[in-house]
Amino acid sequence: MTVKTTLSFTDRHHHFVTAKVGQGVFATQSAAVAAALEQMMQDEEERDLALSCLAHEIRARMETPRASFVDQEGAFSAAKRTINAMLKA
């Protein structure tokens with residue numbers, strides 16, 4: 001369903017949208033606004049998913065017993081060996 005509405009733009013935004021329509025990037029100004037809204041909606045969904053995954057990872061790490069922690073030297077030892085081997089080659 002399409003809903004008709006009235007929007008106000010700054011001169012800068014109006015010129016940008018008008019130019020994009022003129023270049024054939026969008027068929028109409030309405031199509032340009034719809035595309036921008038779709039992008040905003042997708043960005044919000046992706047941000048929500050990322051935050052959810054981050055929260056899950058934080059919870060999982062908080063449940064990790066201290067005995068399972070890896071010290072700094074152990075965490076980076078493989079990377080240091082790789083770098084040193086590359087530097088010697």
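The values are calculated or read from the model by the stated rules, or taken from the named source; none is laboratory data. No experiment lies behind these values; they were computed from the predicted model shown. Ideal geometry is used to build each Cβ from the backbone, glycine not excepted, and the neighbour counts take in all protein chains shown.
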For this session: Answer yes or no: is there a residue in the stretch 71-82 that is within 30 Å of His15 (Cα to Cα) and small (Gly, Ala, Ser).
Result: no
Problem set entry | Neighbours by Cβ (under 7 Å, 6+ apart or cross-chain): first from the stretch 10-21, within 14 Å of Ala35 (Cα to Cα); second among the hydroxyl-bearing types (Ser, Thr, Tyr) | Val21/Thr28
Exercise. Are there any helices (runs of 4 or more DSSP H) wholly within the stretch 2-89 with 3 or more residues that are at pLDDT 95 or above and in contact with a Lys or Arg (Cβ under 8 Å, 6 or more places away or on another chain), and if so which?
Worked result: none
